[in-house]
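The values are calculated or read from the model by the stated rules, or taken from the named source; none is laboratory data. No experiment lies behind these values; they were computed from the predicted model shown. Here the Cβ positions follow ideal geometry from the backbone for every residue, glycine too, while neighbour counts run over all protein chains shown.
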Amino acid sequence: MLNNDTNFQTNETEIKRLFQKGEIFFNQNNLLGAKNCFEQIIAADPCNHEAINNLGVVYFSQDNLQQAINLFYKALSIHEDYKESLNNLALCLIKNENYATAAKIFKKIFNSGDNRPETLISIVNCHLQSGEFSLAKDYLVKFIQAYGQDHNFLEVQQRLIGEFRDAIHSDKYPIEKIIKFYIDEGNVTVAKDLLIPLLKQRSHNGELQTLNDLIVRKEKLKRLPISILSASDLLEKDPLRKLRWGDHWFGKELAEALSTEGAIISSKEPKILIHLHGIPIKNIEEPTYNILWIHSHPDMITPQFLSLYDHIFCLSPHFLEKIKTMDRKCELLIGGTAKRPPLRVRELAHDIVFVANGKQGKGRRIIQDLLALGKNWLDHLEVWGEGWDGILPEKCIRGIYFDNKKLPDLYASSRVVLNDHHDDMRREGFLNPRILDVMASGGVVISDSLSGAGKIFGEALLTYSSPAELDQILHRLFEDNFYRQHIRKQGLEVVESYSFKKVAQKIIRHILSIDENKLEKRVKNFYMEKVWAPVKGKLNTDRIRRLKEVTAEQCIGSTLDVGCANGDSTVIMKRHNPSLDLTGMELTDWGYEDAIKNHPELRFVQGDAKQLPFSDQSFDTVVLDHIIEHFSDPVPLILEAKRVARKRVVIGIPMMHLNDPDHKIAWRLDDFRNLLLGFFPRFSVRGMREPDGIEVSSAAHWNFVVGTGYMEGNDRKEMPTIQPLNLHLGCGQRRLDGFLNIDIIPSSAVDLLCDSRRLPFPAGTVSRIETYHMIEHLPRHVFLEAVFEWNRVLEEGGTLVIECPDFDATIKEYMEGKKFRINNVFGLQRHPGDYHHFGYTFQNLAEILQEFGFREICQEEPTDYHAQDEPSMRLIAMKVHQIQRPVDIQGLSIQYVRQTYAKAIESDQKRKSHNFKNFPEGPIKLDICGGEFPYGNGFLNVDIRALPNVDIVADITKGLNFSDRSVDEILSCGTLEHFYIPEVLEILKEMRRILRQGGKLTVAVPNMKEILSSFQQGEMNFQLFNQYIYGSIQKDLNPYNVHRSLWDAEHMIYAMKEAGFLNVEEQPYDLPFHIPKYMLKVVGIA
């Protein structure tokens, strides 16, 4: 810590003696004697920074920190790079717990070339102590890169990594610091997990609001992915040769910097295009927001070319003024480089270095000037690049390419790096990025003269105008290392302002200012021109015509046709229903301009469906035909349509349409009906089939539907308004004060009739949702749809409260002997709303909510009256993340299967129920619902479908077409669990009716008691457990695979006796289906 480097002249013998004496006193712990010696030196030489430093060390040893700090700062004011004082000052600041400032000082030492592991470790520790976790991570990475393979530092590396992890997860640091780290790292999910609950508690906290603004910024950047286009992308097809292009690395390093700042870089469906100008392009194919950065080849720039871009950056201040004369706004952007000084430098391993191609054998100006100076400098020259054969001696040519990743090592270890410019770039003031790379690497560069360079670099860039001036500069650099170090240091300081990090920050500031609505309009324009325009003239097909005719039939009076495209479809409506006073509205420029040109007899306006340019109740009818499937959230569109319409809103959609890439929702019929229910007390739906558009009555054949919401008179349903907006879903007969009480079944308690999967509220407008003993009545895939919807309408920080049966506790009580608890698994099934479809534990319900963007999930004592009758649980969660509603593939699969089965059953039921040619002679034995895998052995296979192995087509819930007492034996294996309990009782009675006296009924169902026992003992995994309890719905399985009731021997025996069977008893399971251990067999006699 104490300095002993005197470096005094021989006439300063006395000062040298005082230094030596002071050091002896200090080593003997005679601090007073040491202090006197150093003070005498300072009195004689007030600018002696070494003595001032040593006096500071004495004060530090006396625990006089502030005085020591003052002296170290004083020494640095005389010699700002004096490492002893820098290091001592940092140690004082650490003791004073001023870790942030100490880190800055250690970084200054590091940037000066002191790359010792101790320096890096100090930086990491200081950033950790100050809670600057992102910076700590950056320097930890540097340490690992430099010393990770050094066995002497493996233990230190592991310790630093451990300390970093512990710091992130400890309570030692303010939570704001932790949140900031996750935001910096781009982990917005974890950041919001921590931030949103805090904002709920401290909504006016400025620091938290700032963090929230950063998250909003990150989320916008995520919505605007960026693609970067450079000359190498346009001109070079060989991926290996592309590595030799400076443009390639320029674009790559810019992309990395943008990514570090939170941008998403993706060439797949980008929203932003950044063109790094190296060669002009004729047009831009995609509907992107287009940014041009002119950093080379200025002579190729034309006004026509600039018209392709929304925003222009220019690297040259001089050329910037020329751009303005072309009547285009332009912003100065000088940069960039991502190079950093290497941690380990081979000091002056090279003399003069030049990395560039030789212009197809023509050489480069700076090399020609060097050649003019004679052989002396050539002996020091090393060149990498193509085209130098015949221009330079072979010994000077080191290769045709130098690895870009290793350039910092080359530049930093060279005495000087040469640079020049193409004529047009030098004339127009475009600096070669090589200059920045060399300076940022810790090297020194000589360049040809460049307009405006002095204003940018000051004395850090050495430029020449003649060979003689080049010779002078080279001599000074070779002969005066202090001068070279001074230029090197100036370069490192200047170049910080022009790094790719700074460039990326400026570009991102502009991107954040982009109006996303205008960008969306551009996308729609593109969609219309590329998708709709090619089929113009083909719209008068039977399908389109009939669809528009049905739409027109649903309209009355003055009608607004929203999203009319080029007006052709609006004309079809007018021809079919001339009484309509039609106005077409289109968002896109192409559609609107085409409409007013080709259909002057009709009115057309340009506008946005989300903000209709009309006053309330301006039209009798508003039409949204083939509109809402293009939006992930249709609610704002329907609310706007309702606002403008007096009497009707007509909505047309394709059913289950996944082929159009612009479709955001593939609508199912039940989902569409639920949507309409939330907005209109009365509505109707008409359906058409593919491919001819004929209207049909059977919904199983619908491919397009037109729904009409009626709002005349009492049918006009205005949304109740309460603030804050709290929803009580599935309210039944029970009202909650301060809530909007919602149910799908009318009652005196219901304020709003709608389905919980399609709530008529804009996204993020609901404060709280509570639902009591409702979710168990929803099939699992329906519940998942509902959770998506609840996530959509809840505000960030909004609360979700769910009370439902506790499946774990229910099963536990059943296993303890409370047999009646079996009824709580699938409900008592006393009426249609009394069925349970799925059971939940706190753990699996919490996991679902976690996946759907909810956090802070906790369990409380239930408050609902159901808790008195059955084991229940209460779960409270907070919405933290907005989840995008994905296409419901499972729901669509179920819908497709149901339609397929409905069509097949419709066809099968037209056949005779008995196929007598397959009837065996002798006793009649029936295998109920044998399906594709019948029992055989003389049993006739009875099923609802006419499958290859089915003998009799029948729906057993509607009775069996056999006379009384005509059947000898019935087998029902794996069937009755697929029906509700009341249905099972009726099916058993029907079997009793057709069985002869003494006829035998064998029933096999999953054995609830054995299944639960095996699951509790860990013998059955959760997937198999769910399959036996609730069945499974997969895209390749029919909807009848769902279980709707659950049985043990006691309850099945009771049900069969109730149906009139005698001698009912459980028997060992011996049928060739399922896993015997988990099945139950009960036999009864008619």
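The table for this structure:
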| read-out | value |
| --- | --- |
| Single residue of Glu690, Glu718 found to be in contact (Cβ under 8 Å) with a residue 60 or more places away in the chain and surrounded by fewer than 14 Cβ atoms within 10 Å (Cβ to Cβ) | Glu690 |
| Subset of region 241-267 [more than 25 Å from Arg509 (Cβ to Cβ), surrounded by fewer than 20 Cβ atoms within 10 Å (Cβ to Cβ) and either touching a residue at least 40 places away in the same chain (Cβ under 8 Å) or out of contact with any helix residue (DSSP H, G or I) (no Cβ under 7 Å at 6 or more places or on another chain) (or both)] | Arg241, Leu243, Arg244 |
| Qualifying residue in region 971-984 (condition: surrounded by fewer than 16 Cβ atoms within 10 Å (Cβ to Cβ), assigned to a helix (DSSP H, G or I) and modelled with pLDDT under 85) | no |
| Scope region 601-622; condition aliphatic (A, V, I, L, M) and on the phi > 0 side of the Ramachandran plot; matching residues | none |
| Condition broken by Ile272, with the remaining ones in (1) touching a Ser or Thr at 6+ places or on another chain (Cβ under 7 Å); (2) under 16 Å from His248 (Cα atoms); (3) buried (at least 20 other Cβ atoms within 10 Å of the Cβ); (4) not polar (S, T, N, Q) satisfied | (2) |
| Count of region 31-69 residues which are outside any helix (DSSP H, G or I) and either among the aliphatic types (A, V, I, L, M) or under 20 Å from Ile94 (Cα atoms) (or both) | 3 |
| Options Phe933, Phe939: the member that is of a type in the set (Phe, Trp, Tyr) and modelled with pLDDT under 90 | Phe933 |
| Selected residue [assigned to a helix (DSSP H, G or I), closer than 28 Å to Glu428 by Cβ and not acidic (Asp, Glu)] from Leu474, Leu450 | Leu474 |
| Strands (runs of 3 or more DSSP E) completely within region 629-724 that count 2 or more residues being farther than 15 Å from Pro760 by Cα and among the β-branched types (Val, Ile, Thr) | 645-654, 704-710 |
| Test: residue in region 169-179 that is surrounded by 19 or more Cβ atoms within 10 Å (Cβ to Cβ), at pLDDT 85 or above and closer than 30 Å to Phe852 by Cα | yes |
| Residue match in region 430-446 (condition: in a helix (DSSP H, G or I), surrounded by fewer than 17 Cβ atoms within 10 Å (Cβ to Cβ), out of contact with any strand residue (DSSP E or B) (no Cβ under 8 Å at 6 or more places or on another chain) and not hydrophobic (A, V, I, L, M, F, W, C)) | no |
| Some residue of region 473-482 being within 23 Å of Trp293 (Cβ to Cβ) and crowded, with 16+ Cβ neighbours inside 10 Å | no |
| Given (1) part of a helix (DSSP H, G or I); (2) touching a residue at least 60 places away in the same chain (Cβ under 8 Å); (3) surrounded by fewer than 21 Cβ atoms within 10 Å (Cβ to Cβ), number of the condition Thr957 does not satisfy | (2) |
| Among residues of region 280-313, those that are closer than 21 Å to Val503 by Cβ, assigned to a helix (DSSP H, G or I) and over 37 Å from the mean Cα position of the chain (by Cα), counted | 1 |
| Elements of type helices (runs of 4 or more DSSP H) in region 797-890, at least 1 residues being surrounded by 14 or more Cβ atoms within 10 Å (Cβ to Cβ) and within 22 Å of the chain's Cα centre (by Cα) | 842-851 |
| Subset of region 218-240 [at pLDDT 90 or above and either touching a Pro at 6+ places or on another chain (Cβ under 8 Å) or surrounded by fewer than 18 Cβ atoms within 10 Å (Cβ to Cβ) (or both)] | Glu219, Lys220, Lys222, Arg223, Pro225, Ile226, Ser227 |
| Subset of region 142-157 (residues that are of a type outside the set (A, V, I, L, M) and over 25 Å from Lys339 (Cα atoms)) | His151, Asn152, Phe153, Glu155 |
| Count of residues meeting criterion [surrounded by 15 or more Cβ atoms within 10 Å (Cβ to Cβ) and farther than 24 Å from Lys252 by Cα] in region 329-340 | 0 |
| Given (1) part of a helix (DSSP H, G or I); (2) under 18 Å from Phe852 (Cα atoms), index of the condition Arg758 fails | (1) |
| Region 34-90 - residue that is among the acidic types (Asp, Glu) and without any contact (Cβ under 8 Å) to a residue 12 or more places away in the chain and, of those, surrounded by the fewest Cβ atoms within 10 Å (Cβ to Cβ) | Asp63 |
| Residues located in region 565-605, provided they are in contact with a Leu (Cβ under 9 Å, 6 or more places away or on another chain) and assigned to a loop (DSSP other than H, G, I, E, B) | Ala565, Asn566, Gly567, Leu602 |
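Each row is one residue, and each column tells you yes or no for (1) surrounded by fewer than 18 Cβ atoms within 10 Å (Cβ to Cβ); (2) among the polar types (S, T, N, Q); (3) in contact with a Leu (Cβ under 8 Å, 6 or more places away or on another chain).
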residue: Ala102; (1), (2), (3): no, no, yes
residue: Lys107; (1), (2), (3): no, no, no
residue: Asp114; (1), (2), (3): yes, no, no
residue: Leu128; (1), (2), (3): no, no, no
residue: Gln149; (1), (2), (3): yes, yes, no
residue: Val156; (1), (2), (3): yes, no, no
residue: Gly162; (1), (2), (3): yes, no, no
residue: Lys200; (1), (2), (3): yes, no, no
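Residue-by-condition table, conditions (1) out of contact with any Gly (no Cβ under 9 Å at 6 or more places or on another chain); (2) under 14 Å from Asn791 (Cβ atoms); (3) of a type in the set (Phe, Trp, Tyr):
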{"site": "Pro746", "(1), (2), (3)": "yes, no, no"}
{"site": "Ala749", "(1), (2), (3)": "no, no, no"}
{"site": "Cys754", "(1), (2), (3)": "no, no, no"}
{"site": "Arg758", "(1), (2), (3)": "no, yes, no"}
{"site": "His773", "(1), (2), (3)": "no, no, no"}
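Table: residues versus (1) in the same structural domain as Val417 (by TED's automatic domain parsing); (2) in contact with an Asp or Glu (Cβ under 8 Å, 6 or more places away or on another chain); (3) at negative phi.
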site: Tyr464; (1), (2), (3): yes, yes, yes
site: Asp480; (1), (2), (3): yes, no, yes
site: Gln485; (1), (2), (3): yes, no, yes
site: Ala504; (1), (2), (3): no, yes, yes
site: Lys521; (1), (2), (3): no, yes, yes
site: Asn525; (1), (2), (3): no, yes, yes
